[in-house]
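Heads up: the structure comes next, in structure tokens.
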Amino acid sequence: MARTAPTPGQKISFIMLTLISTLILYLDLTSNNFQNIKNGFKAFKISSFYILKEISIEPIKSIISFTKSKDDLLEENKNLKAALELSYLNNYLVSKENIFYKDKEIIKNAHDKGDYKFAYDVAYLKSIDPNMFICCDKHRMFIEIKGNNDASYNESIVFNSEGILGQIINESKFYEVLLLTDISHSLPIKLKSNKFYCNAKGSGRAEYITCNYNPLIWTEVINESQAVYTSGLGGVYPKDIEIGYVNSIINTNSKETRIEIKLLANPLNGSQFGVLNY
Amino acid sequence: MTSLFKRFFLIIFINFIDQNLAILFSKLFIIIPLTFLAYSFYVYKSDKNISALEAFSFGFFVDLISDTFFGLNATIYCLVTYFINQNANSFKLFSYLQICLFFGLSASAYVGFTQLITNLYDFSYITLLVSSIVNIIFCFFIALISSYFPQQLNIKL
């Protein structure tokens, strides 16, 4: 459709508004009369920008940063937990430093040099059947050792921050640990007085081992809550390590008494372990 | 009314792109006045004459949002609107090349005029020359796109 040419009236309005524009331009160039309007608009623009940003972008950003920080926190928490468990293992060894190793010179040298690189490798839990551990006789655990792959860990002692858990009996991709509570396990124990020795067997119950002895031979008076230590006679475990306390004493007959020992260490507490290497 | 708001929002959007591109191209002595070209194109494409008040309003609004001197764009927009209104029917006889030259050169005039007002002491002929060439090429480019993809762009030159 054809457009009509501007009428005289339109021409006049164009000329008028062009002149007004020029006048405004001249005024703006020569004075600061419009500065307030410009500043007001700038303030409005900035405020609008921030409000729009606050409404639209910030919620999305906060959601993203929230999820990201949550992931970071979880990762950080995991790392801290691992570091804490490791420090617990170290603390456990430090507290037993004079007696834990068969070769006491290792500790002595470390102490003299101020170099506490204890000879144990860190292991992580791969699997344990808690139902089997609570209900049944076979108490086994599988761990993965983060250490020297060439080293042999057969019969090495596995411990956590609470105490001794058992020994490695099978080496494959993962290491099978025979726990103290397994009924096939036998642990030579003694009392602090060194006047009572016994072979404590796994009870098949979580956290308990039992020891049968002849009271006519071992006349030492045993009380409940009395601490029990390893005797070191089996050749696997070092001596004088506290493993638990007497929980109950049952006189089966005149020739046999059974003591039930509650262990200090529970394999279900934590997923990080130490494996001693001699 | 809705249409007017739509146009104002479009002007704001194009001006936003314009200002961002200006930062990019200024190092190459190029000024492409996208807002001015878009407005010219709107006047050119319109079926009816654009009133002087509308031209003045748009110009004044562009002055406000682009933070230039008040009246600068208002004056130019009034002049270009009048000129396009005056020759709206004549344009139909022109070829694409002539129309592109017209818009390219009017963009160059806009650049020259705004530079005279806003940047008098550092007025650069290189900027003016390079911008003229680039603006003409830019108009050709738009015309080519609209010729090859008329449906997609919905632009009729």
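Laid out as a table, the results:
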read-out	value
Separation of alpha-carbon centers, region B:20-81 and region A:146-199, rounded to whole Å	86
Helical segments meeting 20 Å axial Cα length and Kyte-Doolittle 0.5 threshold in chain A (DSSP H)	A:8-30
Normalised contact order of chain A, rounded percent, pairs of Cα under 8 Å and 6 or more residues apart	17
Rounded, prolate or oblate (a/c below 1.5 giving rounded, otherwise prolate when a/b exceeds b/c) for region A:153-260 by Cα gyration tensor	prolate
Debye equation applied to the C-alpha atoms of region B:17-157, log10 I(q)/I(0) at 0.09, 0.16, 0.22 Å⁻¹	-0.27, -0.88, -1.51
Whole-number percent relative contact order across region B:9-134, with pairs defined as alpha carbons under 8 Å at least 6 apart	29
For chain A, built as a Gaussian network whose Cα springs stay under 10 Å, the top-fluctuating residue of A:167, A:226, A:35	A:35
Close Lys-Lys pairs in region A:157-245, where close means Cα under 16 Å and separation is 8 or more or interchain	4
Cysteines in chain B lacking a second Cys C-beta under 4.7 Å	B:78
Per-residue HN-Hα couplings for region B:9-22 [Karplus 6.51, -1.76, 1.60; θ = phi - 60°; Hz; x = Gly/Pro]	5, 5, 4, 4, 5, 5, 5, 5, 5, 3, 5, 6, 5, 4
For the pair A and B, total buried accessible area rounded to nearest 100 Å², probe 1.4 Å	2500
From phi via Karplus (6.51, -1.76, 1.60), per-residue ³J(HN,Hα) for region A:230-238 in Hz, x at Gly/Pro	6, 8, x, 7, x, x, 9, 9, x
Sulfur and carbon atoms: percent of accessible area, the protein assembly as shown [1.4 Å]	62
Rounded, prolate or oblate (a/c below 1.5 giving rounded, otherwise prolate when a/b exceeds b/c) for region A:1-100 by Cα gyration tensor	prolate
Structure-based [θ]222 nm, the protein assembly as shown - -39500 (n - 2.57) summed over DSSP H runs of at least 4, per residue, nearest 500	-17000 deg cm²/dmol
Å² of accessible area per residue within the protein assembly as shown, as computed with a 1.4 Å probe and no ligands counted	57
Gain upon complete extension [residue B:17, residue B:101; 0.36 nm per residue less C-alpha separation]	27.9 nm
Residues in region A:1-31 that, when all protein chains are in place, have 30 Å² or more less accessible area than the chain alone would give (probe 1.4 Å)	A:1, A:3, A:6, A:11, A:14, A:17, A:18, A:21, A:24, A:25, A:28, A:29
Surface/4 of the Cα convex hull for the protein assembly as shown, nm²	40.2
Within region A:174-214: backbone nitrogen closer than 11 Å to the residue A:134 label point (7 Å, Cα to C-beta)	A:206
Residue-span extension gain [residue B:67 to residue B:123] - 0.36 nm each, minus C-alpha spacing	18.3 nm
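The values are calculated or read from the model by the stated rules, or taken from the named source; none is laboratory data. As the structure is a prediction and not an experimental result, all values here were calculated from the model. Note that we place each Cβ from the backbone using ideal geometry, even for glycine, and neighbour counts take in every protein chain shown. Note: accessible area is taken over every heavy atom of the protein model, side chains too, but ligands, DNA and RNA are not part of it. Shrake-Rupley method; radii C 1.70, N 1.55, O 1.52, S 1.80 Å.
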